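Step one of this worksheet: look at the structure below.
The values are calculated or read from the model by the stated rules, or taken from the named source; none is laboratory data. Treat the numbers as computed from the prediction; the structure is a model and nothing was measured. Please note: Cβ atoms are built from the backbone with ideal geometry, for glycine as well, and neighbour counts cover all protein chains shown. The accessibility values were calculated without ligands, DNA or RNA, using every heavy atom of the protein model including side chains. Shrake-Rupley method; radii C 1.70, N 1.55, O 1.52, S 1.80 Å.
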Amino acid sequence: MTSKEQILAAVKASQPDLKELPSLDFFYQDNLNQDEDLAQFIETVEFIGAKTYRVNSYEEIIAQLQQDFDLKGKRVISPLNEFSTIAEKYTGADNHTLADAELIILPTHFAVAENGACWIDDHLFDERLMLFIPQHLAFVLKKEEVVPTMHRAYERIAGKSYGYGAFVAGPSKTADIEQSLVLGAHGPRSLRVFII
Amino acid sequence: MKVADHAQRAKEFNKDEKRVDWHDETLWFIRQKRDRASHNIPQWEELRNTASQIKNHTLSNLHHYLQEFERNAQANGVTIHWAANAEEHNNIILKLLQERNISQMVKSKSMLTEECHLNDFLGDHGIEVIDSDLGERIVQLAKEPPSHIVLPCIHKKKEEIGELFHEHLGTPKGSADPQLLTEAARQSLRNVFLTRKAALTGVNFAIAETGEFVVCTNEGNADMGVHLADIHIASMGIEKLIPQRRHLGLFLRLLTRSATGQPITTYSSHFAKPAKGKAMHIILVDNGRSRQLGRPDFRASLKCIRCSACFNTCPVYRRSGGHSYNAVIAGPIGSILSPNFDMKKHADLPFASTLCGSCSNVCPVKIDIHDQLYKWRQVIVQEGYADPKKTVAMQVMAKTLASPTMYRIAGKAARTTLKYAPFVVNNKLNAWYLHRDMPEVPKSSFGEWYSKNRKNND
Ligand code: SF4
């Protein structure tokens with residue numbers, strides 16, 4: 001008997017009588033309100049260490065980034081054409097070459113008000129490491145793309161096919177040393193969310 | 001069985017009274033953050049109920065979901081392995097690495113690999129494993145096991161970490177600033193991530209419907225390792241399955257709020273398919289889980305999502321420290337899981353509890369933790385692993401540890417104990433009150449308390 005057969009046989013013999021799978025309807029009895037959801041998202045994501053900016057154009061984002069960072073001689077990467085004046089596109093085959101990325105700017109699909117997370121999957125970018133390797137990360141979020149809860153978030157992606165996707169909520173962080181919060185554990189030291 | 005094992009190990013920890021108070025307060029602070037986070041969610045109880053039912057359902061249909069998961073993961077281009085026990089799990093990993101001539105691996109948090117003692121096994125075969133979660137890296141450098149499933153080095157003071165980093169990472173002597181120490185670890189581990197060809201991660205949730213799995217971290221260490229490596233190996237217990245992707249909505253709402261009071265971890269990464277040119281392997285591990293599934297009284301322990309809320313709230317854990325449990329998973333849930341692995345070795349753990357029920361009240365998947373601890377006591381006594389008289393003594397000790405009043409009077413009480421239960425003293429009950437000034441108490445108080453306790457627990 002293979003281990004698979006052995007495990008499956010043991011599980012079958014051990015598992016109790018079938019119990020019902022509960023309905024999730026209860027969690028969809030919410031009032032959707034775009035303005036409130038956006039306000040809650042901004043409050044939450046700032047609370048967990050990100051910065052947010054309400055902008056009307058990509059030019060405004062570029063101006064803000066140039067004000068926040070000294071980008072001279074630094075590597076800035078974005079798959080978005082709108083940032084071609086300050087950023088290169090990553091097309092390489094070896095992602096180790098991203099190790100010196102200072103700033104990466106990525107689009108997002110939507111954000112979640114209750115926890116400040118943004119969802120991004122590989123329909124919007126093809127190198128997974130880009131979320132983690134830069135010193136600083138910036139997201140672009142369309143202002144109407146905010147859902148109130150994780151239930152609504154999964155409603156959006158329930159049937160979607162992707163190879164990789166992630167909820168990202170704030171900059172990388174740790175509190176492993178005496179519970180003191182430090183931003184920039186292994187991933188980005190800062191996260192900016194530009195709401196356009 | 002040495003009945004006071006847990007107590008003896010707590011002795012080391014309790015030598016330094018200030019440290020015990022600090023440990024206690026730190027964890028209580030986290031418990032309070034959990035309370036605030038959960039009170040912000042009006043549907044919290046419905047979330048717990050529904051998550052509990054989803055887990056109950058999954059366990060009752062696990063045979064089906066395991067196969068569904070395998071089919072869908074394989075269709076995604078992932079290789080699935082099945083490991084009946086720790087040895088098989090470790091050998092699968094060794095083979096995957098040896099086939100590729102890899103002698104160094106980076107690993108993110110995985111309690112399962114702790115359970116399988118993977119690092120030691122691979123080390124014996126000439127393969128170096130570096131733990132990348134900061135807390136795990138710290139205990140790895142200290143050559144200690146994690147003392148907490150979410151906060152592996154919660155027992156360590158920053159000065160001790162400063163010393164370790166001075167020795168291993170070259171930070172200035174005497175520096176204990178968390179910011180500086182974290183930066184040093186960041187630099188050192190970045191180099192590790194960039195040079196490793198294999199990365200291992202744990203799994204928080206696996207989705208039968210899609211064949212994908214989710215890994216939650218705050219640091220980003222799991223993803224840094226995985227995306228820079230050629231091969232990603234994910235180790236998961238067979239109980240990690242949930243039926244559908246949308247069920248994640250509930251579990252991700254509950255997990256981190258219960259753990260640290262954060263609304264969600266920084267990263268909740270969904271791994272469905274390997275990246276171009278890379279390999280992804282998942283090892284499905286039983287290692288005693290199907291046996292636990294077959295125990296009606298204890299199968300609910302398999303619902304655990306490892307949030308650690310029951311640790312943070314437990315008065316015995318907070319005052320005895322994770323290492324006193326001498327088990328891979330400490331705390332209340334560890335005291336239920338461990339006897340399943342080795343009833344003899346861990347016979348003391350179900351007694352290291354006051355059965356106050358605080359654990360069951362905070363558990364996000366509504367495991368009846370304290371009831372199961374009580375049931376384990378019956379089993380352990382019936383199976384002859386404990387002398388019933390001695391087990392009462394363990395309960396006395398747990399109560400003592402948990403109650404400030406009892407803790408204070410324990411000195412006198414223990415002397416009284418000589419009359420009633422000399423075995424307690426032979427087994428060093430004093431572990432819990434050593435180095436404390438004990439006020440005088442009336443002679444009768446322990447006896448009264450003892451007989452009352454017996455009535456409650458016999
Ligand atoms: S038993 Fe419950 S409270 Fe304890 S770690 Fe598991 S899920 Fe969390």
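Shielding by partners for peptide A:15-25, expressed as the average number of C-beta atoms from other protein chains within 10 Å of each residue's C-beta, is 6.
Using the Karplus relation 6.51 cos²θ - 1.76 cosθ + 1.60 with θ = phi - 60°, the per-residue 3J(HN,Hα) values for the stretch A:188-196 come to x, 7, 9, 10, 10, 10, 9, 9, 10 Hz, with x marking Gly and Pro.
So, with +1 on the Cβ of K and R and -1 on the Cβ of D and E, and no other charges, what is the size of the charge dipole of chain B about its Cα centre, to the nearest 20 debye? Could you put the intermediate results ahead of the total?
Working: 61 positive and 48 negative charges, 222 e Å.
That gives chain B a dipole magnitude of about 1060 debye.
Across the stretch B:210-220, rounded Karplus estimates of 3J(HN,Hα) from the backbone phi angles (6.51 cos²θ - 1.76 cosθ + 1.60, θ = phi - 60°) give 10, x, 9, 9, 10, 10, 10, 9, 8, 8, x Hz, Gly and Pro being marked x. Pairing chains A and B buries close to 6800 square angstrom of accessible surface in total, based on protein heavy atoms and a 1.4 angstrom probe.
Compared with the dominant principal axis of the Cα atoms in chain A, helix A:34-47 is inclined by about 80°. One Cα centroid belongs to the stretch B:203-232, the other to the stretch A:1-45; the line between them spans 18 Å.
Would you mind getting the accessible area per residue of the protein assembly as shown, heavy atoms of the protein chains only, 1.4 Å probe, in Å²? Intermediate values should be presented prior to the final figure.
On the way: 24810 Å² over 654 residues.
Per-residue value: 38 Å².
Would you work out what percent of the accessible area of the protein assembly as shown, with all protein chains in place, is carbon or sulfur (probe 1.4 Å)?
Values: 11770 of 24810 Å².
Answer for the protein assembly as shown: carbon and sulfur cover 47 percent of the accessible area.
Loop sites by DSSP among the GluC sites (Glu not before Pro) of chain A, restricted to those with at most 12 other Cβ atoms within 10 angstrom, leave A:21-143 as the longest stretch without any of them.
Kindly provide the helix-only [θ] at 222 nm of chain A, computed as the sum of -39,500 (n - 2.57) over DSSP H runs of four or more divided by all residues, to the nearest 500 deg cm²/dmol? Write down the numbers at each step before the final one.
On the way: 4 runs with 45 residues, N = 196.
The per-residue figure over chain A is -7000 deg cm²/dmol.
A cut-off under 10 angstrom between Cβ atoms defines the neighbours of A:Pro148, and their net charge, with Lys, Arg +1 and Asp, Glu -1, is -3.
Which longest uninterrupted range of chain B lacks any GluC sites (Glu not before Pro) assigned by DSSP to a loop state (not H, G, I, E or B) and surrounded by at most 13 other Cβ atoms within 10 Å?
On the way: sites that count: B:Glu383, B:Glu440.
Answer - B:1-382.
Summarising the amide proton neighbourhood of B:Val285: residues at separation of 5 or more, or on other chains, whose placed amide H is nearer than 5 Å comprise B:Ala83, B:Met236, B:Gly237, B:Ile238. With θ taken as phi - 60° and the Karplus curve 6.51 cos²θ - 1.76 cosθ + 1.60 applied, the whole-hertz 3J(HN,Hα) list for the stretch B:310-318 is 5, 5, 5, 8, 6, x, 6, 4, 4 Hz, x standing for glycine and proline. In this structure the amide hydrogen of A:His136, modeled in the peptide plane, comes within under 5 Å of the amide hydrogens of A:Leu103, A:Ile104, A:Arg189, none closer than 5 places in sequence on its chain.
For each pair in A:Lys19/B:Lys375; A:Lys4/B:Lys345; A:Lys173/B:Lys109; B:Lys240/B:Lys366; A:Lys12/B:Lys375, compute the distance between the two Cα atoms and list the pairs where it is over 19 Å. Among A:Lys19/B:Lys375; A:Lys4/B:Lys345; A:Lys173/B:Lys109; B:Lys240/B:Lys366; A:Lys12/B:Lys375, the Cα-Cα distance tops 19 Å for A:Lys19/B:Lys375; A:Lys4/B:Lys345; A:Lys12/B:Lys375. Comparing B:Thr50, B:Cys310, B:Ile130 along the charge dipole axis of the protein assembly as shown, the residue lying farthest to the positive side is B:Cys310, per the Cβ-charge model. Bridgeable aspartates and glutamates around B:Lys157 (alpha carbons under 12 Å apart, same-chain partners fewer than 8 residues away excluded): A:Asp176, A:Glu178, B:Asp177. Selection among B:His63, A:Leu32, B:Gly357 by position relative to the dipole of the protein assembly as shown gives B:Gly357 as farthest towards the positive end (Cβ unit charges, Cα centre). Only the Cβ atoms of Lys and Arg (+1) and of Asp and Glu (-1) were treated as charged; on that basis the dipole of the protein assembly as shown about its Cα centre amounts to roughly 2160 debye.
Placing unit charges on C-beta atoms (Lys and Arg positive, Asp and Glu negative, everything else neutral), compute the dipole magnitude of the stretch B:307-382 about its Cα centre in debye, rounded to 20. Present the calculation step by step, with values, prior to reporting the outcome.
Working: 7 positive and 4 negative charges, 18 e Å.
Roughly 80 debye for the stretch B:307-382.
Dipole of the protein assembly as shown computed with +1 at Lys/Arg Cβ and -1 at Asp/Glu Cβ about the Cα centre; of B:Ala142, A:Pro171, B:Val215, farthest Cα towards the positive end is B:Ala142. Across chain B, the relative contact order, built from alpha-carbon pairs under 8 Å that are at least six residues apart, equals 23 percent.
Find, among the trypsin sites (Lys or Arg not before Pro) in the stretch B:73-171, those assigned to loop by DSSP (not H, G, I, E, B) with at most 14 other beta-carbon atoms within 10 angstrom.
B:Arg100, B:Lys143
How well do other chains shield peptide B:65-76, expressed as the mean number of their Cβ atoms within 10 Å of each residue Cβ? Before the final figure, lay out each step's value.
On the way: counts 1, 5, 3, 0, 0, 2, 0, 0, 0, 0, 0, 2.
Mean shielding by partner chains, rounded to a whole number: 1.
Measuring max minus min along each principal axis, the C-alpha atoms of chain B give extents of 74, 55, 46 Å (largest first).
Mind listing which trypsin sites (Lys or Arg not before Pro) in the stretch B:206-279 are in a DSSP loop and have 14 or fewer other Cβ atoms within 10 Å? Display every interim value, and only then the final one.
Values: sites: B:Lys240, B:Arg245, B:Arg246, B:Arg253, B:Arg257, B:Lys276, B:Lys278; in loops: B:Lys276, B:Lys278.
Taking the stretch B:206-279 and a limit of 14 other Cβ atoms within 10 Å, the loop trypsin sites (Lys or Arg not before Pro) found are B:Lys276.
Legend: P(r) of the stretch B:307-382 from all alpha carbon pair distances, 10 Å bins from 0, whole percents, reading 22, 58, 20, 0.
Count Lys and Arg as plus one, Asp and Glu as minus one, and take only other residues whose Cβ is under 10 Å from that of A:Tyr28; the net charge is then -2. Across peptide B:169-182, the mean count of Cβ atoms from other chains lying within 10 Å of each residue's own Cβ comes to 3. Neighbours of B:Glu183, meaning other residues whose beta-carbon lies under 15 angstrom from its beta-carbon, give a summed charge of +3 when Lys and Arg score +1 and Asp and Glu score -1.
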